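Novice: Quick one: structure below, then a few questions.
The values are calculated or read from the model by the stated rules, or taken from the named source; none is laboratory data. None of the values given here were measured: they were computed from a predicted structure. Cβ: placed from backbone, ideal geometry, glycine included. Neighbour counts: every protein chain shown. Calculation scope for accessible area: heavy atoms of the full protein, side chains included, ligands and nucleic acids excluded. Shrake-Rupley method; radii C 1.70, N 1.55, O 1.52, S 1.80 Å.
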Amino acid sequence: MLAQRLESVRDGIKTACATAGRPADEITLIVVTKFHPVSTMRELYALGVRDFGENRHQEAERKAEELMDLEKRIHFIGQLQSNKAVAVRRYADVVHSVDRPGLVAALGKASTQKLDCFLQLNLTDDPGRGGVVPGDLGALAELAAATPSLRVRGVMAVAPLETDPREAFARVRESSEFLRTIIAEATEISAGMSHDYVHAIAEGATHLRIGTAITGERPPAS
Ligand SMILES: *Cc1c(COP(=O)(O)O)cnc(C)c1O
């Protein structure tokens, strides 16, 4: 089942890329394995998956430990408290949810190595949702650019449920273009989930974060 669902998403990505006139190798598929056991991650690894998305620190840390033997990348995609930043840096290869000055400062501390990160946008009117409002992206980008141990790769966003995803991802593309005026190499876009990734590809996404379409329904949070 897992193999079939993964194959069908990989096919869906190829088709969406062809429609958008984009090469499929521009896309990194991150399989979101939150709440799923490490056995599922090992199965996915055997099917060629190398990029895994996790959104809760303690769970992600434990899984990273248990999967130390695999050549994989862990993408931290959840809201992140500043006091967990140093701990997350130890196992995460990429943090997609950098959304405020305090977190930039916390992630930037205590390391000389570069951490890849995305600046997360909040496309809703609800400040509790995580992400920087597009109007504050410039200031956050300047701060991150001035932080030697961070490498900003681009913008990240979740399309709000209540709006047209294509329109939401078009706004993400605009913010991405704006970000590049501040950090020229921050060209990537982390956007697109199980139900909307085709629209994200149409608007230039380079990193898809796909869970349930591949793993099936998530087990309840433990
Ligand atoms: C859970 C999650 C996803 C994956 O969602 P699906 O609908 O299962 O594909 C993507 N991005 C973030 C930030 C998530 O928390």
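Novice: Relative to the Cα centre, what is the charge dipole magnitude of region 123-199, using +1 at the beta carbon of each Lys and Arg, -1 at the beta carbon of each Asp and Glu, and rounding to the nearest 20 debye? Before the final figure, lay out the partial values.
Specialist: Working: 7 positive and 12 negative charges, 60 e Å.
Here the size comes out at about 280 debye.
Novice: Once amide H atoms are placed 1.01 Å from N in the peptide plane, what residues at a sequence separation of 5 or more from Arg73, or on another chain, have their amide H within under 5 Å of its amide H?
Specialist: Amide H to amide H, under 5 Å and 5 or more residues apart or across chains, Arg73 pairs with Asp51, Phe52.
Novice: How large is ³J(HN,Hα), in whole Hz, for each residue of region 78-95 in order, when computed from phi with the Karplus curve 6.51 cos²θ - 1.76 cosθ + 1.60 and θ = phi - 60°, using x for Gly and Pro?
Specialist: Once rounded to whole Hz, the list reads x, 4, 10, 6, 4, 6, 9, 4, 5, 5, 5, 4, 5, 10, 7, 8, 9, 10.
Novice: So which residue, out of Gly131, Gly102, Gly21, gets the largest mean-square fluctuation from a GNM of the chain using Cα contacts under 10 Å as springs?
Specialist: Ranking Gly131, Gly102, Gly21 by mean-square fluctuation puts Gly21 first.
Novice: Enumerate the amide H contacts of Val98 below 5 Å, restricted to partners 5 or more residues apart or on another chain; note that Pro and chain-start residues carry no placed amide H.
Specialist: Result for Val98 returns Phe118, Gln120.
Novice: Per residue Cα convex hull volume for the chain, in cubic angstrom? Mind dumping the intermediate values first?
Specialist: Numbers: hull volume 27.3 nm³, N = 222.
Residue-normalised Cα hull volume stands at 123 Å³.
Novice: Short version: ³J(HN,Hα) in whole Hz for each residue of region 140-154, in order, from phi by Karplus 6.51 cos²θ - 1.76 cosθ + 1.60 (θ = phi - 60°), x for Gly and Pro, what are they?
Specialist: Ordered by residue, 3J(HN,Hα) equals 5, 5, 5, 5, 5, 5, 8, 9, x, 8, 10, 10, 7, 9, x Hz.
Novice: Over all directions, how big on average is the projection of the convex hull of the alpha-carbon atoms in region 65-188, in square nanometres? Walk me through the intermediate numbers first.
Specialist: Values: hull surface 32.8 nm².
Its average projected convex-hull area is 8.2 nm².
Novice: Also, quick follow-up: Counting only helical runs of four or more DSSP H residues, what would the 222 nm mean residue ellipticity of the chain come to if each run contributes -39,500 (n - 2.57) and the total is spread over all its residues? The partial results should precede the final answer.
Specialist: Values: 9 runs with 90 residues, N = 222.
Rounded to the nearest 500, it is -12000 deg cm²/dmol.
Novice: I've got another one for you. Top to bottom by accessible area (1.4 Å), largest first, where do Asp116, Asp125 land? Please list the in-between numbers first.
Specialist: Details: Asp116 25, Asp125 160 Å².
Ranking Asp116, Asp125 by accessible area, largest first, yields Asp125, Asp116.
Novice: Quick check on packing: order 186-193, 147-154, 134-141 by the mean number of other C-beta atoms within 10 Å, highest mean leading. Write out the running numbers ahead of the final one.
Specialist: On the way: 186-193: 24.4, 147-154: 19.0, 134-141: 17.0.
Ranking the peptides 186-193, 147-154, 134-141 by packing returns 186-193, 147-154, 134-141.
Novice: Residue by residue through region 31-38, which ³J(HN,Hα) values in whole Hz follow from phi under the Karplus form 6.51 cos²θ - 1.76 cosθ + 1.60 (θ = phi - 60°), with glycine and proline marked x?
Specialist: Here the 3J(HN,Hα) series is 8, 7, 10, 3, 6, 8, x, 4 Hz.
Novice: In nm, to one decimal, how far is the modelled label at Arg73 from the one at Ala24, with both set 7 Å along Cα→Cβ?
Specialist: According to this spin-label approximation, the distance is 1.9 nm.
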